Structures are given as C-alpha cells and as structure tokens.
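Undergrad: This is the structure I want to talk about, given as structure tokens.
Please treat every number below as a calculation from the coordinates, not as lab data. Only a predicted model underlies this, so the values are computations on that prediction, with no experimental measurement involved. Here the Cβ positions follow ideal geometry from the backbone for every residue, glycine too, while neighbour counts run over all protein chains shown.
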Amino acid sequence: MTPDELEASVWRLLPVTGPATDPAIVLRIVALAEAYADAATDEARAVRERRASIFAAYPPLMPCGTRAAYVRHLRHGEDPCRPCRDAMAEHRRLHRAARAARAMGLAS
C-alpha cells in the first residue's frame, strides 16, 4: 500500500462533516494504518535482504599485511599501517626484479 492509497482509503472512511467519532470508522482507520506500517516493514525487510545478497557476492576484505589492504587504506584516505607498507614494499621489490629479468631476457 502506497501513502496515496492509504490517504485515499482514509478519506473514503471519514464523514463529510465533523470528526470521525464512530468507533467502527476509527477502528478501520487504525487497521489501515497498521496495514500500511506492515507493508512498509515488509518492504524494508526485502530491501535489507536484497542488499545482503548483493554484498554476499563480494569477496571478503583482505586483511592488513597485503597489497589489497594497502590500496584500501589509500582509497579511504588513510595512512597505510606498517604491515601493509611492508607488503607493498615486497610487492614492488618482486615486480622490479621480474621486470629487470624480462629486460635481460632471462624470463619470458
């Protein structure tokens, strides 16, 4: 039930003039409001479940001490921690060594 549908239903129940003093009308309006609240709760639950299923498809975050965590620190505007800096330094050393080996024709 959308907010517009709720409003239209309530207006159909209200008398043309004066307050809604008939208990039956008041109870029906309360029932409509409860149905609207339940629908909103169901929709919110469905949204949470969809988001959970989307994020479940992502791989877990790599722990500190890896190149991926180093990049994550930078992406979040943080200074990388010592284990991440060490991991990135090791990655750069290995990359430079592999590049030098390819330049010398030692590796394919």
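Undergrad: With Rg and Dmax of the Cα atoms in Å as the read-out, I listed (1) 24.3, 72; (2) 30.7, 94; (3) 19.8, 70; which label goes with the value calculated from this structure?
TA: After the calculation, the listed value that fits is (2).
Undergrad: I need the helices of the chain that pass two filters: whole DSSP H segments spanning 20 Å or more by Cα along the axis, and mean Kyte-Doolittle score no lower than 0.0.
TA: Span-like helices, by this rule, are 23-56.
Undergrad: Determine the dipole magnitude for the chain: charges of +1 sit on the beta-carbon of Lys and Arg, -1 on that of Asp and Glu, nothing else is charged, the reference point is the Cα centre, and the result goes in debye to the nearest 20. Please report the intermediate quantities before stating the final value.
TA: Working: 16 positive and 13 negative charges, 314 e Å.
Charge dipole of the chain: 1500 debye, to the nearest 20.
Undergrad: Rounded to the nearest 500, what is the chain's calculated 222 nm mean residue ellipticity when only DSSP H runs of at least 4 contribute -39500 (n - 2.57) each, over all residues?
TA: -24000 deg cm²/dmol
Undergrad: May I ask which residue of Cys64, His95, Pro80 lies farthest towards the positive end of the charge dipole of the chain, with charges of +1 (Lys, Arg) and -1 (Asp, Glu) on Cβ and the Cα centre as origin?
TA: It is His95, whose Cα lies furthest towards the positive end.
Undergrad: To continue, here is another question. Treat the count of other C-beta atoms within 10 Å as a stand-in for reagent exposure and order Tyr58, Tyr36 from fewest to most.
TA: Ranking Tyr58, Tyr36 by Cβ neighbours within 10 Å, fewest first, gives Tyr58, Tyr36.
Undergrad: Which FRET efficiency value, to the nearest 0.05, is calculated for Asp86 and Ala33 with the Förster distance at 41 angstrom and r the Cβ-Cβ distance?
TA: It comes out at approximately 0.10.
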